[in-house]
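I have placed the structure first, in the form of structure tokens, so that the comments after it can refer back to it.
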Amino acid sequence: MISRSSNPFSLRCHTCIAWSGVSRKIPVLLFHAEAIVLKDANIRSIGEKYNLAFKIVRTESRLVRGILVSHGFHEVHPNSNDFNLMWTGSHLKTYLLRTLQDFQKVNHFPRSYELTRKDRLYKNIQRMQQTHGFQNFHIVPQTFVLPAEYQEFCNYFCKDKGPWIIKPVASSRGRGIYLVSSPSQIPLDENILVSRYISSPLLIDDFKFDVRLYVLVTSYDPIIIYVYEEGLARFATVKYDHAVKNIKNQFMHLTNYSVNKKSSDYVSCDDPEVEDYGNKWSMSNLTLLLLMGQIEDLIIKAVLSAEIQIATACKMFVPHRNNCFELYGFDVLIDSNLKPWLLEVNLSPSLACDAPLDLKVKASMISDMFSLVGEFFVYITFYSLLKSSFTVLHHPYFLKPQALFISIRLL
């Protein structure tokens, strides 16, 4: 474990160190995705020399472990307090957050469920629509939370017969999701979301797809958001046909990898150099450049909708402003009019590498993320002077106060 007492200045020429700050005297550890394969002793030397430690709690991530170990970090027991980085699959209890020291980091903010629980996300966006105008925050389809809003849904259904899509409020990987054409098909014995199904999606070769984007938030006060330059396009395995007779065909209507990998028509690509074949492509092969402005706008607005709750929780429970960071998985669907829609925001997006493309995208993304969150060496605020594949988001609606980060706030 390392804290402020370490002397970083013998590291001036090391390939894993970037020097930042006004006088270039702040060392920041750079992570390299290829280190997993290279097993380079020089890359490991920094983590080993400074006794950097991590622990993984309530999750299993071979990729995170592999990147950290290849950079000389050693793993400690989940109950140990001697760590620089904690990677956990769920939120930390508030009493544990309060015990974090200034050089320790954890990969979740308190109350992130305001963004990642489907019902909370929708309610927060709905509040922003009411405050700042419906059209300014029209980034999700019309949605109702049942059973509380069942009567409102029935009234709306008289004007719009759908189809509608049912989602549990706190599930992932496509579990419990299905389409309905009548309120009578909806159970009312549990909390669920019912959303207007986007029945005219943009298609590629007649297949429906969505895009998984990786979004890193390093602060909620001020808001600092990065979006990774590469993402994954996930395709359904049956050609799209909006006829009512196909309403129960999950392999046609759902794009979740966890659903479609079970299809006999699922096609995997084993060539790491081919990124536009099979049921999973790299996002860059979709040529969405002209839409990225709209997609970034959607990401900013979604994060802003949960800003107050999460920032307040940080002030209450997080002892040092740089203790927390979070990687989110944003799932976006593009309709036939080229409008992007936010489907959901994923807590702890999957880092499984079931195909070479997964490893290619996710290893580089995680390495860039660890380089950005920084502070593994010195007790000092990290200034972003690094070259990275994450892009800092900004928006004309928001102020950009100070420092080298772009900070995002509502006017």
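For region 78-98, the set of residues classified as assigned to a helix (DSSP H, G or I) and either open to solvent by 20 Å² or more (accessible area, probe 1.4 Å) or without any contact (Cβ under 8 Å) to a residue 60 or more places away in the chain (or both) consists of THR94, TYR95, LEU96, listed by residue number. Going by the conditions given, is ILE300 at pLDDT 95 or above, in contact with a His (Cβ under 6 Å, 6 or more places away or on another chain) and open to solvent by less than 10 Å² (accessible area, probe 1.4 Å)? Answer is yes for this residue.
Could you list, in sequence order, all residues of region 313-372 that are among the charged types (D, E, K, R), farther than 23 Å from LEU100 by Cα and within 12 Å of the chain's Cα centre (by Cα)? Working first, answer last.
First pass over region 313-372, keeping only residues among the charged types (D, E, K, R): 315, 321, 326, 331, 335, 339, 344, 354, 358, 360, 362, 368.
Filter once more, so that each one left must be farther than 23 Å from LEU100 by Cα: 331, 335, 339, 344, 354, 358, 360, 362, 368.
Within region 313-372, ASP331, GLU344, LYS362 meet the criteria.
Looking only at region 149-166, which residues are out of contact with any Phe, Trp or Tyr (no Cβ under 8 Å at 6 or more places or on another chain) and either part of a helix (DSSP H, G or I) or surrounded by fewer than 12 Cβ atoms within 10 Å (Cβ to Cβ) (or both)? GLN151, CYS154, ASN155, CYS158, LYS159, ASP160, LYS161 - these are the residues of region 149-166 that are out of contact with any Phe, Trp or Tyr (no Cβ under 8 Å at 6 or more places or on another chain) and either part of a helix (DSSP H, G or I) or surrounded by fewer than 12 Cβ atoms within 10 Å (Cβ to Cβ) (or both). Note on region 99-130: residues that are of a type in the set (D, E, K, R), under 18 Å from THR312 (Cβ atoms) and either in contact with a Cys (Cβ under 8 Å, 6 or more places away or on another chain) or assigned to a loop (DSSP other than H, G, I, E, B) (or both) total 2.
Just to check your reading of the model, which residue among LYS55, LYS105, LYS123 is among the charged types (D, E, K, R) and in contact with a Leu (Cβ under 6 Å, 6 or more places away or on another chain)? Give the derivation first.
Working: LYS55 fails: in contact with a Leu (Cβ under 6 Å, 6 or more places away or on another chain); LYS123 fails: in contact with a Leu (Cβ under 6 Å, 6 or more places away or on another chain).
Step by step, each of LYS55, LYS105, LYS123 is checked, and only LYS105 is among the charged types (D, E, K, R) and in contact with a Leu (Cβ under 6 Å, 6 or more places away or on another chain).
Checking each residue in region 78-108 for being among the hydroxyl-bearing types (Ser, Thr, Tyr) and under 17 Å from the mean Cα position of the chain (by Cα) picks out THR88, SER90.
Only one of the numbered conditions (1) open to solvent by less than 30 Å² (accessible area, probe 1.4 Å); (2) among the small types (Gly, Ala, Ser); (3) touching a strand residue (DSSP E or B) at 6+ places or on another chain (Cβ under 8 Å) is violated by SER219, and that is (3). Of the listed requirements (1) open to solvent by 10 Å² or more (accessible area, probe 1.4 Å); (2) outside any helix (DSSP H, G or I); (3) within 24 Å of SER199 (Cβ to Cβ), GLY278 misses just one: (3).
Report whether or not ILE36 is hydrophobic (A, V, I, L, M, F, W, C), under 22 Å from ASP102 (Cβ atoms), at pLDDT below 95 and in a helix (DSSP H, G or I). No; evaluated as a whole, the condition is false for this residue. Filter region 268-298 down to residues that are free of Cβ contacts under 8 Å to residues at least 12 places away in the same chain and under 19 Å from the mean Cα position of the chain (by Cα) and give me whichever is nearest to GLY231 (Cα to Cα). Among those that are free of Cβ contacts under 8 Å to residues at least 12 places away in the same chain and under 19 Å from the mean Cα position of the chain (by Cα), it is MET292. Scanning region 89-145 for residues that are farther than 26 Å from GLY162 by Cα and polar (S, T, N, Q) turns up SER90, THR94, THR99, GLN101, GLN104, ASN107, SER112, THR131. Within the option set ILE2, ILE43, ILE17, being over 24 Å from the mean Cα position of the chain (by Cα), crowded, with 19+ Cβ neighbours inside 10 Å and modelled with pLDDT under 95 holds for one residue only, ILE43.
When the residues of region 226-262 are narrowed to those that are closer than 23 Å to LYS161 by Cβ and open to solvent by 40 Å² or more (accessible area, probe 1.4 Å), which ends up nearest to the chain's Cα centre (by Cα)? Step by step, filter region 226-262, then rank; the result is GLN250. Among the residues that make up region 203-213, is at least one of them closer than 30 Å to VAL318 by Cα and either in contact with a Pro (Cβ under 9 Å, 6 or more places away or on another chain) or surrounded by 14 or more Cβ atoms within 10 Å (Cβ to Cβ) (or both)? Yes, the conditions are met somewhere in region 203-213. As an exercise: evaluate SER200 against (1) in contact with a helix residue (DSSP H, G or I) (Cβ under 7 Å, 6 or more places away or on another chain); (2) open to solvent by 50 Å² or more (accessible area, probe 1.4 Å); (3) of a type outside the set (D, E, K, R) and give the number of the one condition it does not meet. It fails just one condition, (1). If you go through region 328-348 and keep only what is under 18 Å from GLU114 (Cα atoms) and open to solvent by 10 Å² or more (accessible area, probe 1.4 Å), you end up with LEU343, GLU344, ASN346, LEU347, SER348. The set of residues in region 46-77 that are surrounded by 21 or more Cβ atoms within 10 Å (Cβ to Cβ) and polar (S, T, N, Q) contains only SER70.
The values are calculated or read from the model by the stated rules, or taken from the named source; none is laboratory data. Since we're looking at a predicted model, the values are computed, not measured. Cβ sites come from the backbone with ideal geometry, for glycine too, and all protein chains shown count toward neighbours. Protein only, heavy atoms only, side chains kept; ligands, DNA and RNA dropped before computing areas. Shrake-Rupley method; radii C 1.70, N 1.55, O 1.52, S 1.80 Å.
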